[in-house]
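To start, the structure itself, in structure tokens.
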Amino acid sequence: MRIRKAVIPAAGLGTRFLPATKAIPKEMIPLVDKPGIQYVVEEAAAAGITDILIVTGRSKKAIEDHFDLAPELEASLTASGKDELVERMRALSQLADIHYIRQGEPRGLGHAVGMGAHHVGDEPFAVLLPDDLMAEGSDLLPRMIAAAEEREAPVVGLMRFPADEIGKYGVVATQGGIGDDGVVRITTTVEKPAPGTEPSDLAIIGRYILTADVFERIARLQPGAIGEIQLTDALCQMAEEGPFFGLVLDGGRYDIGNKLDWLRATVEVALRHPEVGPAFRAIVAELLEGAARP
């Protein structure tokens with residue numbers, strides 16, 4: 001079992017960021033000087049993923065352009081002596097073999113992942129949701145890949161959430177304790193449980209290592225109340241039939257589809273940025289000092 005392919009669903013409408021996303025894909029909203037989806041593609045490439053399928057929709061052409069070569073831009077930069085920028089632009093097209101397929105209508109995450117069936121074939125693969133951004137230096141994905149390859153079974157990313165947030169996610173029931181490597185056996189999943197009915201405080205986040213049989217399960221699913229096919233329903237079947245595992249992340253994850261978390265991620269990325277970090281830190285200190293004055 002070797003994971004070399006990934007599916008990145010990027011067909012969402014981005015309504016939480018309107019009006020900014022009226023004309024640009026939400027995945028292209030930047031954190032400092034890189035769009036969110038670039039961080040996700042770089043994460044996949046750093047973990048050894050060499051083949052990526054991005055599921056897009058209408059008005060998402062900017063994503064394809066971003067990871068493509070730009071001869072006119074490169075020529076202009078070269079003429080200006082900005083050779084380092086030229087290399088950075090060219091590197092975007094060399095991160096992985098990137099392919100695209102369109103989801104014609106928003107039919108849910110399960111449907112978007114299912115569109116990767118032909119491309120993925122019978123191989124195990126990763127799914128990375130671009131709204132979920134891992135902090136710089138996170139080793140979650142390589143650890144998930146290693147755990148899946150060792151166990152020859154699916155592994156999903158998990159995080160603990162407080163009681164007032166857990167109901168927003170797919171929550172898991174587990175068997176046995178969490179191992180020294182952070183891996184736990186999952187027995188079932190519950191999508192957005194009602195308060196007080198949660199089987200645990202562990203919920204699935206936007207990182208998955210799945211086996212190809214998920215496609216057959218997705219194909220048999222019926223749309224839910226709002227006409228969408230939910231990936232969690234297929235995962236529930238896989239967990240109940242087992243084996244199925246989760247790897248618990250201690251922290252360092254941002255939901256950049258959420259305005260406040262996007263702001264937090266932007267600030268933290270900016271503070272660590274080699275070019276603007278020191279100056280931005282001084283600006284933040286000045287703002288906080290001003291806010292503390294009566």
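Its relative contact order, with pairs defined as Cα atoms under 8 Å and 6+ residues apart, puts segment 5-257 at 24 percent. The long axis of helix 277-292 is offset from the longest Cα principal axis of the chain by roughly 80 degrees.
Expressed as a fraction of 2.2 N^0.38 Å, the value expected for a compact globular protein of N residues, the C-alpha radius of gyration of segment 160-283 is 1.30. Helix 231-241 and the long axis of the chain differ in direction by around 40°, with both axes built from C-alpha atoms. Taking the Cα centre of the chain as reference, the dipole from Cβ charges on Lys and Arg (+1) and Asp and Glu (-1) amounts to some 720 debye.
For the set LYS5/LYS60; LYS34/LYS192; LYS5/LYS82; LYS22/LYS82, the pairs lying more than 27 angstrom apart at their alpha carbons are LYS34/LYS192; LYS5/LYS82; LYS22/LYS82.
Using θ = phi - 60° in the Karplus curve 6.51 cos²θ - 1.76 cosθ + 1.60, the 3J(HN,Hα) couplings for segment 159-165 round to 9, 7, 10, x, 4, 7, 10 Hz; x is entered for Gly and Pro.
Going from the fewest other Cβ atoms within 10 Å to the most, the residues ARG281, ARG90 appear in the order ARG90, ARG281. Put the Cα centre of segment 24-74 next to the Cα centre of segment 92-112 and the gap is 11 Å. Using +1 at the Cβ of each Lys and Arg and -1 at the Cβ of each Asp and Glu in the chain, identify which of THR266, PHE67, PRO19 lies farthest towards the dipole's positive end. Final value for the positive-end residue is PRO19. Taking other C-beta atoms within 10 Å as the exposure proxy, VAL214, VAL127 rank VAL127, VAL214 from fewest upward.
Hydrodynamic estimate: the Kirkwood radius of the chain over Cα pairs, inserted into Stokes-Einstein at 37 °C and 0.692 mPa s, corresponds to D of 161 µm²/s.
Fewest neighbouring Cβ atoms within 10 Å first, the residues LYS61, LYS26 line up as LYS61, LYS26. A P(r) calculated from all alpha carbon pairs of segment 10-67, with 10 Å bins opening at zero, reads 22, 54, 22, 2 percent. Rounded to the nearest 0.05, the FRET efficiency derived from the C-beta distance between GLU74 and THR197 at R0 = 41 Å is 0.15. With respect to the chain, whose longest principal axis is taken over its alpha-carbon atoms, helix 36-46 is tilted by about 70°.
Ranking ILE226, ALA239, HIS111 by how far each Cα lies toward the positive end of the dipole of segment 5-257 (charges on Cβ) leaves ILE226 at the top. When only the Cβ of Lys, Arg, Asp and Glu is charged (+1, +1, -1, -1), the dipole of segment 52-131 relative to its Cα centre reaches about 340 debye. Overall, segment 214-275 carries a charge dipole of about 140 debye about its Cα centre when +1 sits on the Cβ of Lys and Arg and -1 on the Cβ of Asp and Glu, all other atoms neutral.
Quick note: the coordinates plus some simple rules give every number you see, no bench work behind them. Quantities reported herein were computed from a predicted structural model and do not represent experimental measurements. Using ideal geometry, Cβ is built from the backbone for each residue, glycine included, and neighbour counts are taken over all protein chains shown.
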